[in-house]
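As structure tokens, the structure follows; a few thoughts come after it.
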Amino acid sequence: MDGARGGSVRERIIETATELFAHNGYHAVGIARIVEEAKVSRVALYNNFASKEELILVVLRRRDEAVRNVIMREACKGAAGPRDRLLKLFDFLGAWSEQTDFTGCMFLNAVAEYHALDDPIHRVAVEHKRLMLSYIEKQCREGGAADPSMLAHQLYVLFDGAIVQAHATGEADPRVAAARAAATALIDQAGVRNKARTDA
């Protein structure tokens, strides 16, 4: 019965795989463990996913959408404009990295484990990073940065670096605080404002 395609079985497999991959990595988690913890049959899993690699791709695409939606929503809360939204990215990171179940970035982990540039899993992970960078660059441009692309790259290096440091050490503070302070200095130096300049 659990071999039917779609429905709660598929969702249970995705949710279980997401949890396992986040906490243990991708190569370390086999199909047998996913099947056992999701409480489904191997047949059910393969009825829904052609391979473990396909399951990973589905997990990452689902995660990408969820993460970007959450980040962008949090960045907009109480923000007066682009400058606030950029800094709120680091406020979000601070709160996220302090959670007891914080496991770092699934996309950075995927790139590390599937490092070949043409690997589909690598490409999906990199696409998430590209979309995040694009969002940051949009805020830099709308805030009036002289070089939005350069500033966006600088800020995203700080953002991802803080994630790695917080995950590696298990201590978000002062890593995220240091990244936010550096981001503030870069944003101010670039002249990013909450409202577009109206002066000639």
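The values are calculated or read from the model by the stated rules, or taken from the named source; none is laboratory data. Quantities reported herein were computed from a predicted structural model and do not represent experimental measurements. With ideal geometry, Cβ positions are generated from the backbone for all residues, glycine too; neighbour counts draw on all protein chains shown. Surface areas here come from the heavy atoms of the whole protein model, side chains and all, with no ligands, DNA or RNA. Shrake-Rupley method; radii C 1.70, N 1.55, O 1.52, S 1.80 Å.
Couple of notes before you dig in:
- Screening region 76-110 for residues that are surrounded by fewer than 21 Cβ atoms within 10 Å (Cβ to Cβ) and among the small types (Gly, Ala, Ser) and picking the one that is nearest to the chain's Cα centre (by Cα) gives 104.
- The single condition from (1) in a helix (DSSP H, G or I); (2) open to solvent by 80 Å² or more (accessible area, probe 1.4 Å) that residue 129 fails is (2).
- Residue under evaluation residue 29, criteria (1) loosely packed, with under 15 Cβ neighbours inside 10 Å; (2) not in a helix (DSSP H, G or I), criterion not met: (1)
- Some residue of region 105-114 being touching a helix residue (DSSP H, G or I) at 6+ places or on another chain (Cβ under 9 Å) and outside any helix (DSSP H, G or I): yes
- Close contacts from region 21-48, counting a first residue that is β-branched (Val, Ile, Thr) and a second that is modelled with pLDDT under 95 and surrounded by fewer than 21 Cβ atoms within 10 Å (Cβ to Cβ), with Cβ to Cβ under 7 Å and a gap of 6+ residues or different chains, come to 40/2; 43/3.
- Residues in region 138-147 that are assigned to a helix (DSSP H, G or I) and farther than 24 Å from residue 107 by Cα: 2 in all.
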